[in-house]
Amino acid sequence: MKQYRWALSGSGWISTEMAKTLHDNHHTITGIYSKDRKTAKEAAEKYGIEHVFDSYEEMLADSDADIIYIGTPNEIHEEEAIKALKAGKHVFCEKPMGLNEEQFVRCLDLAEKKDLVLMDGTTLLHMPLFKDIRKVLKTGKLGKLKMIQVTYGIQKDFNPDSRFYSLEHGGGALMDIGLYAISFLCLYMDNVPDHVKTYVSKASTGVDETSAIIVQNKDGQIGNISLSLNTMMLEQAILCLEKGYILVHGFPRADQAVVHYVDGKTDIIESGDSEQALEYEMKEMESAIEENRHPKGLKDAREVMHILTQIRKQWNIEFPSEQEQGIDCIE
């Protein structure tokens with residue numbers, strides 16, 4: 001396989017984590033751009049990045065990268081993805097790919113028109129464990145899937161300027177940790193949920209802070225999600241079946257699950273390594289380019305964005321950048 005060259009937009013923790021992953025796997029990182037030039041320079045020095053650019057546009061114009069990695073705040077994901085695709089670059093964008101389904105589709109349509117690969121960086125869509133869980137489900141020994149329960153809470157002090165609590169930055173629990181919860185549902189439900197009911201408590205900034213979400217699909221399968229930005233919860237997902245359940249702790253990057261049977265017996269499913277989550281994504285991105293195909297998980301990511309958009313409409317939450325005119329996708 002050809003060794004692809006990457007360039008990075010952003011110098012926050014997730015971008016530097018990807019820089020480390022690329023560096024440790026002996027990949028060339030041709031450049032980095034960040035509004036925070038100090039942290040960009042630090043990342044460049046630490047991970048052998050060739051250039052620190054003064055603007056995103058300069059990086060696209062001057063870098064000979066094959067792939068642009070986008071790890072910037074949510075509200076500019078679509079804009080940066082469109083610019084990179086128009087520049088003829090493959091794009092790996094951290095979740096979410098845009099703020100709503102319309103933005104996601106605009107990016108996907110342009111990628112297809114330009115014959116480029118576009119990948120959403122939702123880690124759990126690429127963790128080996130979830131393929132092995134599917135294999136267990138297909139054996140039928142646990143019966144039919146009836147319900148999925150997901151809880152995910154993080155403790156973030158209120159700060160109206162942080163990306164978590166800011167409407168301007170596309171914040172709120174749903175667009176951050178909730179995306180993982182919805183992704184888990186879409187991985188295992190037999191059909192996409194078509195009924196959604198929710199309850200939400202908002203922060204003073206207008207973002208969703210704590211919520212309960214219940215979905216159901218045409219097969220009668222139910223998903224039950226609890227989310228919070230300021231309440232600690234178990235970070236877990238449970239697949240509830242007729243003859244037992246499968247418990248996954250730390251599900252966004254999990255490498256182990258426990259199967260509980262009705263007779264009290266248990267089995268352990270172990271697969272992959274949570275420490276290599278970004279490496280799995282990196283390899284899938286490059287394999288998709290090599291094989292000229294959509295990356296695995298892209299269909300799931302689009303379904304997730306559809307559901308997220310529906311939920312926010314129920315909550316009357318609109319981000320300021322969504323009110324602006326759509327981005328020109330013409331070459």
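Here are the numbers for the structure shown:
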| quantity | calculated |
| --- | --- |
| Surface share of carbon and sulfur [accessible, 1.4 angstrom probe, percent] for the range 12-121 | 47 percent |
| Given charges at beta-carbon only (K, R positive; D, E negative), |dipole| of the chain in Debye | 1180 debye |
| Proximal lysines to Lys86, defined as alpha-carbon separation beneath 19 angstrom and excluding residues fewer than eight positions away on the same chain | Lys113, Lys114 |
| When the convex hull of its Cα atoms is projected in every direction, mean area for the range 124-202 (nm²) | 7.0 nm² |
| Kirkwood Rh and Cα Rg combined as Rg over Rh, evaluated for the range 193-331 | 1.02 |
| Accessible area (Å², 1.4 Å probe, nearest 10) - Asp54 | 100 Å² |
| Mean Cβ neighbour count within 10 Å, used as a protection proxy, ranking 272-280, 76-84, 113-121 highest first | 76-84, 113-121, 272-280 |
| Accessible-area value, His126, 1.4 Å probe, nucleic acids and ligands omitted, Å² | 20 Å² |
| Relative counts (whole %) of C-alpha pair distances in the range 99-161, using bins that are 5 Å wide | 3, 10, 11, 13, 14, 16, 15, 12, 5, 1 |
| Residue-count net charge about Lys218 - beta-carbon cut-off 13 Å; Lys, Arg +1, Asp, Glu -1 | -3 |
| Solvent-accessible area per residue, Å², over the range 1-118 with all protein chains present [probe radius 1.4 Å] | 41 Å² |
| Rg(Cα) / (2.2 N^0.38 Å) computed for the range 43-111, rounded to two decimals | 1.13 |
| Which listed pairs, of Lys156/Lys265; Lys131/Lys218; Lys20/Lys83, have C-alpha distances above 31 Å, in listed order | Lys156/Lys265 |
| Surface per residue (accessible, 1.4 Å probe) for the range 191-300, Å² | 50 Å² |
| Expected-Rg normalisation [2.2 N^0.38 Å, Cα atoms] applied to the range 1-69 | 0.97 |
| Distance (nanometres) between label positions extended 7 Å along Cα→Cβ at Val105 and Asp132 | 3.8 nm |
| 33 Å tail of the calculated P(r), the chain, as % of Cα pairs | 26 percent |
| Between the range 14-42 and the range 155-169, the alpha-carbon center distance in angstrom | 25 Å |
| Fraction of accessible area attributable to carbon and sulfur, the range 263-316 (%, probe 1.4 Å) | 41 percent |
| Shape call, the range 199-267: gyration tensor on alpha carbons, a/c limit 1.5 | oblate |
| As computed over the range 125-274, the Cα convex hull volume per residue (Å³) | 112 Å³ |
| Area of His306 that stays accessible when all protein chains are in place (1.4 Å probe, Å², to 10) | 70 Å² |
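The values are calculated or read from the model by the stated rules, or taken from the named source; none is laboratory data. From a predicted model like this one, the values you see are computed outputs, not experimental measurements. Positions of Cβ are generated from backbone atoms using ideal geometry, with glycine treated the same way; all protein chains shown enter the neighbour counts. Please note that ligands, DNA and RNA were not included when accessible areas were found on the heavy atoms of the full protein model with its side chains. Shrake-Rupley method; radii C 1.70, N 1.55, O 1.52, S 1.80 Å.
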